[in-house]
Amino acid sequence: MKIIDARVVVSSPGRNYVTLIVETEDGVIGVGDATLNGRELAVASYLRDHICPLLIGRDSRRITDTWSYLYKGAYWRRGPVTMTAIAAVDVALWDISGKVAGRPVYQLLGGAAREGVMVYSHASGGTLAELSEDFQSHLDQGYLAIRAQAAIPGLEKTYGIAPADGKVYEPASGNMPQEDIWETSTYLDFAPKMMAHLREEFGYKVHLLHDVHHRLSPIEAGRLGASLEPSRMFWMEDATPSEDQSAFRLIRQHTTTPLAVGEVFNSIWDCQQLITERLIDYIRTSVSHAGGITHLQKIFALADLYGVRSGSHGAGDLSPVALAAALHVDLTIPNFGIQEYMGHRDQAAEVFGTAYTYRDGYMHPGDLPGLGVTFDENAAARYPYDPKYLPVNRRLDGSIHDW
Ligand code: CS2
Ligand code: MG
């Protein structure tokens, strides 16, 4: 099962995706997601210039060896660019192995440990009334868990709010990031009111989640967590900039609101302290940004030892390949918690064919051999790369605020 070709396609069907295609001598094709939002071309180059040539002639079945070759064998390790590139190779090789075995990838990972994967969707609004309307529409679609975000009164823009067409939110096109103003005190007053409003209107049966997008200091996060306690959140996500693992000790001292973090993590080392000290409840590392299926399994296995559950990132900038791979992993691990499901813009369906399904709050990866995802290179060619950047945040005094 020699690899004879590995190529990278950068396309923008609704948003930018970097896709790795690996082909074996027997004509089996595997796909991997190498998308790093706002830094897409760096991973494309890492793959094209430094990794694809190393794959030619390797045995596609030797997944762990290839992973180690690319990680341990390189002097410069870790980091989002490297780990996203390795992830794409790893996922493509799992896809190939599944196809060769004639079995869905989850069967190679130990088989299903549950019937379906509980997912959470995104509800948002420019006002609380709009948020309620959107929340209701997600309840109507059967979601058992919903993340809620609303525009912060007084701020011109709030990240994470869907545009008026009801589609998933995306950064604006352009060669420069948009600049937003961030003001913490208004947000700290508003967020608990937003959640209380939803509980009053919709009760406590639905799981309620909220994303802070790394905007608070540890003590502010402690205060927010405490003020959200009456709303009995499923989780408070990314309360503080996540590279500071010990910050979570301080947050923990002040609140019993469950904590989730990790969508920007790239390896087990990024979350080792958070997990082993039980400072979080959910680890949000993803297949595509944390070294692929092979490495994500290690992170979740460590988390399992400490009672931490999974809650993988699944925003629209993770391609359908990444979502499929996540669902295969989610179905198999004992400590699965929840999976984010934001969905993709309609054009993505012209490029990516998927086998996964959604019903009554749960998803399933499907039973096609491999990941169950096809990639149409001709369709992708109709959607050329469209530079986009996530917004930059400044405080009222003009200084840069954290993401
Ligand atoms: C968010 C994302 O889905 C989430 O939880 O934090 O919108 C995130 O900002 C983007 O995926 C960044 O690429
Ligand atoms: Mg998030």
* To do: Would you point out which residue out of Ala326, Ala301 is small (Gly, Ala, Ser) and crowded, with 20+ Cβ neighbours inside 10 Å?
  => Ala326
* **Residues of region 308-323 satisfying the condition of being more than 16 Å from ligand 2 (Cβ to nearest atom) and open to solvent by 10 Å² or more (accessible area, probe 1.4 Å)** => Arg309
* Please state which of the following conditions Arg252 fails to meet, knowing it meets all the rest: (1) away from ligand 1 (no atom under 16 Å from the Cβ); (2) farther than 27 Å from His197 by Cα; (3) in contact with a helix residue (DSSP H, G or I) (Cβ under 9 Å, 6 or more places away or on another chain); (4) open to solvent by 20 Å² or more (accessible area, probe 1.4 Å). => (2)
* Of all residues in region 301-315, which are out of contact with any Phe, Trp or Tyr (no Cβ under 8 Å at 6 or more places or on another chain) and either assigned to a loop (DSSP other than H, G, I, E, B) or closer than 18 Å to Asp238 by Cα (or both)? -> Ala303, Tyr306, Gly307, Ser312, His313, Ala315
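Considering only region 192-278, give the helices (runs of 4 or more DSSP H) lying wholly within it that have at least 2 residues that are under 24 Å from Ile146 (Cα atoms) and assigned by TED's automatic domain parsing to the domain that holds Ala303.
Details: elements: 218-228, 247-254, 272-276.
Counting at least 2 such residues, we get 218-228, 247-254.
Test Ser267 against the criterion of being touching a His at 6+ places or on another chain (Cβ under 6 Å), of a type in the set (Ser, Thr, Tyr) and crowded, with 17+ Cβ neighbours inside 10 Å, and give yes or no. Spell out the reasoning first.
Values: touching a His at 6+ places or on another chain (Cβ under 6 Å): no; of a type in the set (Ser, Thr, Tyr): yes; crowded, with 17+ Cβ neighbours inside 10 Å: yes.
Against the criterion (touching a His at 6+ places or on another chain (Cβ under 6 Å), of a type in the set (Ser, Thr, Tyr) and crowded, with 17+ Cβ neighbours inside 10 Å), Ser267 does not qualify.
Take the residues in region 363-384 that are within 21 Å of the chain's Cα centre (by Cα) and on the phi < 0 side of the Ramachandran plot; name whichever of them is most open to solvent (accessible area, probe 1.4 Å). Steps first, please.
Residues of region 363-384 within 21 Å of the chain's Cα centre (by Cα): 363-366, 370-375.
Among the residues that remain, those that are also on the phi < 0 side of the Ramachandran plot are: 363-365, 371, 373-375.
Values: Met363: 4, His364: 43, Pro365: 1, Leu371: 1, Val373: 7, Thr374: 89, Phe375: 34 Å².
Going through the qualifying residues, I end up with Thr374.
Name the single residue that is surrounded by the fewest Cβ atoms within 10 Å (Cβ to Cβ) among those in region 339-362 being within 16 Å of ligand 1 (Cβ to nearest atom) and of a type outside the set (Lys, Arg). Spell out the reasoning first.
If we filter region 339-362 for residues that are within 16 Å of ligand 1 (Cβ to nearest atom), which is where we start, we get 339-345, 348.
Cutting the leftovers down to of a type outside the set (Lys, Arg) gives us 339-344, 348.
Values: Gln339: 24, Glu340: 25, Tyr341: 24, Met342: 19, Gly343: 17, His344: 23, Ala348: 21.
Looking at the filtered set, the residue picked out is Gly343.
Answer yes or no as to whether Tyr120 is open to solvent by 40 Å² or more (accessible area, probe 1.4 Å), within 16 Å of ligand 2 (Cβ to nearest atom) and not polar (S, T, N, Q). Can you show your working first?
On the way: open to solvent by 40 Å² or more (accessible area, probe 1.4 Å): no; within 16 Å of ligand 2 (Cβ to nearest atom): yes; not polar (S, T, N, Q): yes.
When the stated conditions are applied, Tyr120 does not pass them.
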* Assess whether Asp90 counts as being buried (at least 24 other Cβ atoms within 10 Å of the Cβ), touching a strand residue (DSSP E or B) at 6+ places or on another chain (Cβ under 6 Å) and of a type in the set (Asp, Glu). => no
* Asked: How about region 179-214: which of its residues are at positive phi and within 16 Å of ligand 2 (Cβ to nearest atom)?
  -> His213, His214
* Checking Arg232 against (1) touching a residue at least 40 places away in the same chain (Cβ under 8 Å); (2) open to solvent by 50 Å² or more (accessible area, probe 1.4 Å); (3) over 20 Å from the mean Cα position of the chain (by Cα), which single condition isn't satisfied? -> (1)
* Under 6 Å between Cβ atoms, at least 6 apart or on separate chains: pull out the pairs that start in region 16-38 with a residue that is of a type in the set (A, V, I, L, M) and end on any residue that is in a loop (DSSP other than H, G, I, E, B) and modelled with pLDDT of 95 or more. => Val18/Ala34; Val18/Thr35; Leu20/Ala34
* To do: Could you list, in sequence order, all residues of region 279-300 that are touching an Asp or Glu at 6+ places or on another chain (Cβ under 7 Å), away from ligand 2 (no atom under 14 Å from the Cβ) and not in a helix (DSSP H, G or I)?
  => Ser288, Gly291
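Residues are listed down the side, and each one gets a yes or a no for (1) within 16 Å of ligand 1 (Cβ to nearest atom); (2) small (Gly, Ala, Ser); (3) within 19 Å of Asp238 (Cα to Cα); (4) open to solvent by 40 Å² or more (accessible area, probe 1.4 Å):
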{"residue": "Glu133", "(1), (2), (3), (4)": "no, no, no, yes"}
{"residue": "Gln136", "(1), (2), (3), (4)": "no, no, no, yes"}
{"residue": "Leu139", "(1), (2), (3), (4)": "no, no, no, yes"}
{"residue": "Arg147", "(1), (2), (3), (4)": "yes, no, yes, no"}
{"residue": "Ala150", "(1), (2), (3), (4)": "yes, yes, yes, no"}
{"residue": "Leu155", "(1), (2), (3), (4)": "no, no, no, no"}
{"residue": "Val168", "(1), (2), (3), (4)": "yes, no, no, no"}
* Going by the conditions given, is Thr256 β-branched (Val, Ile, Thr), farther than 27 Å from Gly291 by Cα and either touching a residue at least 60 places away in the same chain (Cβ under 8 Å) or more than 14 Å from ligand 2 (Cβ to nearest atom) (or both)? -> yes
* Given the conditions (1) within 12 Å of ligand 1 (Cβ to nearest atom); (2) out of contact with any Phe, Trp or Tyr (no Cβ under 9 Å at 6 or more places or on another chain), which single one is not true for Val287? -> (1)
* Among the residues of region 182-209, write down those that are surrounded by fewer than 16 Cβ atoms within 10 Å (Cβ to Cβ) and of a type in the set (A, V, I, L, M, F, W, C). => Ala196
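The values are calculated or read from the model by the stated rules, or taken from the named source; none is laboratory data. In this text, all values refer to a predicted model and were calculated from it rather than measured experimentally. So basically every Cβ, Gly included, is an ideal-geometry build from the backbone, and we count neighbours across all protein chains shown. Side chains are part of the model used for accessible areas, which takes the heavy atoms of the whole protein and leaves out ligands, DNA and RNA. Shrake-Rupley method; radii C 1.70, N 1.55, O 1.52, S 1.80 Å.
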